[in-house]
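**Student:** Let me give you the structure first, and then I'll get to my questions.
The values are calculated or read from the model by the stated rules, or taken from the named source; none is laboratory data. Because the structure is predicted, anything quoted here is derived from the model rather than measured. Note that we place each Cβ from the backbone using ideal geometry, even for glycine, and neighbour counts take in every protein chain shown. Note: areas computed on protein heavy atoms with side chains; ligands, DNA, RNA excluded. Shrake-Rupley method; radii C 1.70, N 1.55, O 1.52, S 1.80 Å.
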Amino acid sequence: MLQHKINELLTQTGPGTPMGALFRQYWLPALLAEELPENDSSPVRVKLLSERLIAFRDSEGRYGLIDEFCAHRGVSLWFGRNEESGLRCTYHGWKYDVTGQCVEVPSEPDERQSSLCRKIKLKSYPLVKVGDVLWAYLGDPATTPDLPEWEFARVPADQTYTSKRWQECNWLQALEGGIDSSHVSWLHSGGLKSDPLFKGAQGNKYNLADKKPFFEVVEGDGGLFIGARRTAEDGHYYWRITPWVLPNFTMIPPRGDHPIHGHFWVPIDDENCWVFSFDYHAARPLKAEELQAMKDGHGVHNEYVPGTFRPLQNKDNDYLMDREAQRRGDTYSGVKGIAMQDASLQESMGPIVDRTKEKLVSTDSGIIMARQKLLKAVDALRDGGVRPPGVDTEHHKVRSASVVLPADQPFIDSSREALTVRPGMPHASV
Amino acid sequence: MIMQRQPTLLNGCAMAATAAEARFRIDHPEPKARNSRIIALDEHAAAIVRRLGHQQWRGGHFLVFDDAVLAGGGNGLAADATLRASDGSVVLLSDELDGADVVVVIATAQASATAASIIGDACALRRIMSAGLVVTGAAPVDDAVSALRPNAMVLLVLADENDIPPILTALRV
Ligand code: FES
Ligand SMILES: [Fe+2]
């Protein structure tokens with residue numbers, strides 16, 4: 001249960017909001033790099049933290065993320081011409097470079113160009129490519145953090161794959177699904193047996209045999225580690241450890257030698273978010289069949305309405321609910337694929353769920369702690385300008401892990417190495 | 001008879017997940033208050049629980065572990081435990097667990113494994129959800145965590161005592 005005003009505080013990320021200020025401390029995934037595939041490729045509309053922007057890649061390969069609307073009379077620059085090192089509004093020909101600086105007002109006399117242009121600049125933010133993702137920083141330029149060091153974005157290109165999908169609800173609702181390890185035994189139970197990106201791991205049998213995991217939540221420098229333990233053989237526990245790094249990064253514990261997956265939950269506005277879903281292997285290239293399975297929408301990925309980032313299964317078609325599959329037990333909920341199993345339920349809660357009405361139980365402790373940490377980070381930033389956890393790139397160097405440990409060992413001490421990035425070394429995985 | 005296969009009204013399908021439709025969610029109060037028991041395992045934790053007891057709660061009992069009550073027969077096994085309530089009275093663990101919905105155990109580095117297991121076992125026996133909050137201080141809390149691990153459905157290791165009230169509020173204590 002949460003007070004109404006705290007629910008609002010955590011879910012509103014537009015300009016001028018406290019949570020929005022927190023998000024504006026970080027490099028955030030804004031687009032897939034493939035959306036701006038080459039110099040002078042088509043500009044792309046981007047809405048991020050309730051700000052409408054346009055992303056483009058100029059003739060020199062520089063990325064720009066600028067106010068979507070022309071300074072002249074407010075036309076969307078999506079209609080613009082991306083040519084000769086700038087984006088030109090097609091209404092009266094005003095032209096902008098990647099920093100939003102106006103570089104041409106063709107209707108004005110040539111000799112007045114520079115003096116007039118100098119005074120016209122659209123709001124712009126840095127946009128950089130790291131891995132398969134274009135990252136944006138919407139905060140104060142004076143405090144621009146170091147570039148992201150997340151392992152999925154730093155391994156060689158053939159070891160990693162990222163997709164994104166539109167989710168029609170607030171970012172926090174989606175994030176909380178990533179922290180909520182207790183739903184996995186139910187909602188996703190079908191996928192452990194059948195999904196090509198999960199099946200066959202030794203650990204799956206512990207998952208399926210013990211449906212009531214115990215939980216341990218421990219604070220880390222960048223956020224939390226949420227350990228779910230199940231009974232294994234002879235006085236041992238099977239632990240699945242999920243890291244959460246502020247504000248919106250989560251990683252799923254690995255299964256066998258399968259690639260590792262995780263998410264970024266990025267606010268579009270207060271009622272929509274982008275879910276960036278990645279898969280990578282720290283020690284080897286992805287196999288052709290793994291890559292194909294990801295592109296086909298298995299694992300944490302999904303199928304699309306062709307030509308869009310909207311999932312094929314969406315609320316307009318009741319997520320292609322298959323009651324027969326639900327009855328047979330092929331899927332627990334009747335919705336295919338773990339991404340859409342999550343999205344269907346999270347969207348059903350409404351665009352911004354009313355957290356004053358929820359009835360949390362102890363197994364929701366990961367969520368409770370995460371909210372608490374977000375609130376503290378928001379307060380510390382607002383009251384004392386304290387840089388929040390997750391900005392420091394050392395905090396990016398976390399991993400999820402699945403391990404079998406003797407019953408009396410704290411997972412956090414025994415797994416410290418397993419929960420830290422060791423470049424080129426495989427994940428600790430059962 | 002017509003079998004409806006497709007939704008007829010907007011609110012008959014998942015498209016109804018709009019803010020406008022959310023206004024029609026039924027709003028009804030909780031039928032009964034939850035019965036929560038907050039139990040401190042050691043002296044440091046007792047001080048925390050005493051401070052908590054001064055705040056406004058929805059009927060939770062704030063208690064401090066006092067002593068084991070040994071079973072007859074001299075086998076050294078605990079049959080029950082005594083707890084100190086906030087008004088100073090001594091109560092039996094078994095009485096307190098009667099009708100409890102949730103038990104939150106609060107411990108620090110000094111927590112005894114015996115106390116943890118008596119409470120944990122008693123909760124498990126009655127199928128009561130139990131959570132353990134371990135507050136870290138200067139001393140390592142590994143032993144306290146190990147003592148609680150077999151018995152608490154959920155264990156939270158907290159660096160900041162001030163995180164406890166919001167957690168208890170979230171659990172509707
Ligand atoms: S059982 Fe968790 S939301 Fe319904
Ligand atoms: Fe899920």
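**Student:** So which trypsin sites (Lys or Arg not before Pro) in the range A:1-92 pass both tests, a DSSP loop state and at most 15 other Cβ atoms within 10 Å of the Cβ?
**Tutor:** Taking the range A:1-92 and a limit of 15 other Cβ atoms within 10 Å, the loop trypsin sites (Lys or Arg not before Pro) found are A:Arg62, A:Arg73.
**Student:** Can you give the helix-only mean residue ellipticity at 222 nm for the protein assembly as shown, where every DSSP H stretch with n ≥ 4 adds -39500 (n - 2.57) and the sum goes over all residues, rounded to the nearest 500 deg cm²/dmol?
**Tutor:** -6500 deg cm²/dmol
**Student:** Along the principal axes of its C-alpha atoms, what lengths does the range B:32-170 span, in descending order and rounded to whole Å?
**Tutor:** Cα spread of the range B:32-170 along its principal axes, largest to smallest: 44, 38, 27 Å.
**Student:** Further question on the same structure: Distance between Cα centroids, the range A:336-357 to the range A:13-28: provide it in whole Å.
**Tutor:** 23
**Student:** Okay, next question. Straight-line reach from A:Lys123: which lysines fall under 17 Å, measuring Cα to Cα and dropping same-chain residues less than 8 apart?
**Tutor:** The reachable lysines, counting only those whose Cα sits under 17 Å from A:Lys123, are A:Lys47, A:Lys95.
**Student:** Still on this model: Quick one: dipole size for chain A, taken about the Cα centre, charges +1 on Lys/Arg Cβ and -1 on Asp/Glu Cβ, in debye to the nearest 20.
**Tutor:** Working: 50 positive and 59 negative charges, 111 e Å.
Using Cβ point charges on Lys, Arg, Asp and Glu, chain A gives about 540 debye.
**Student:** Another question about this same structure. Can you give me the Cα centroid spacing of the range A:166-188 and the range A:226-299 in angstrom?
**Tutor:** 12
**Student:** Sum up the lysine pairs in the range A:153-302 that clear both bars: alpha-carbon distance under 18 Å and a spacing of 8 or more or different chains. Numbers along the way, then the final one.
**Tutor:** Numbers: A:Lys164/A:Lys295; A:Lys193/A:Lys205; A:Lys193/A:Lys211; A:Lys199/A:Lys211; A:Lys199/A:Lys287; A:Lys199/A:Lys295; A:Lys287/A:Lys295.
Going through the range A:153-302 pair by pair, I get 7.
**Student:** Accessible area per residue for chain A in Å², computed with a 1.4 Å probe and the full protein assembly in place, what is it?
**Tutor:** That works out to 39 Å² per residue.
**Student:** In straight Cα distance, which aspartates and glutamates are under 12 Å from A:Lys357, not counting same-chain residues fewer than 8 positions off?
**Tutor:** Answer for A:Lys357, where 12 Å is the Cα cut-off: B:Asp27, B:Glu30, listed by chain and number.
**Student:** Are there any trypsin sites (Lys or Arg not before Pro) in the range B:48-149 that are in a DSSP loop and have at most 12 other Cβ atoms within 10 Å? List them by number.
**Tutor:** Here the sparse-neighbourhood loop sites are B:Arg127.
**Student:** Now, a different point. Filter the trypsin sites (Lys or Arg not before Pro) in the range A:339-430 to those in DSSP coil with at most 14 other Cβ atoms within 10 Å of their Cβ, and list the result. Kindly include the intermediate steps, with their values, before the conclusion.
**Tutor:** Working: sites: A:Arg355, A:Lys357, A:Lys359, A:Arg371, A:Lys373, A:Lys376, A:Arg382, A:Lys397, A:Arg399, A:Arg416; in loops: A:Arg355, A:Lys357, A:Lys359, A:Lys397, A:Arg399, A:Arg416.
Passing both the DSSP loop test and the Cβ count: A:Lys357, A:Lys359, A:Arg416.
**Student:** Return the carbon/sulfur percentage of the accessible area of the range A:168-265, one whole number, probe 1.4 Å, all protein chains in place.
**Tutor:** Numbers: 1500 of 2700 Å².
Of all accessible area on the range A:168-265, carbon and sulfur atoms account for 55 percent.
**Student:** Next question. So if I take the centroid of the Cα atoms in the range B:134-159 and the same for the range B:56-101, what is the distance between those two points in Å?
**Tutor:** 20
**Student:** Which of the aspartates and glutamates could a cross-linker bridge to A:Lys373, judged by Cα under 14 Å and excluding same-chain residues fewer than eight apart?
**Tutor:** Straight-distance partners of A:Lys373: A:Glu176, A:Glu219, A:Asp221, B:Asp160, B:Glu161, B:Asp163.
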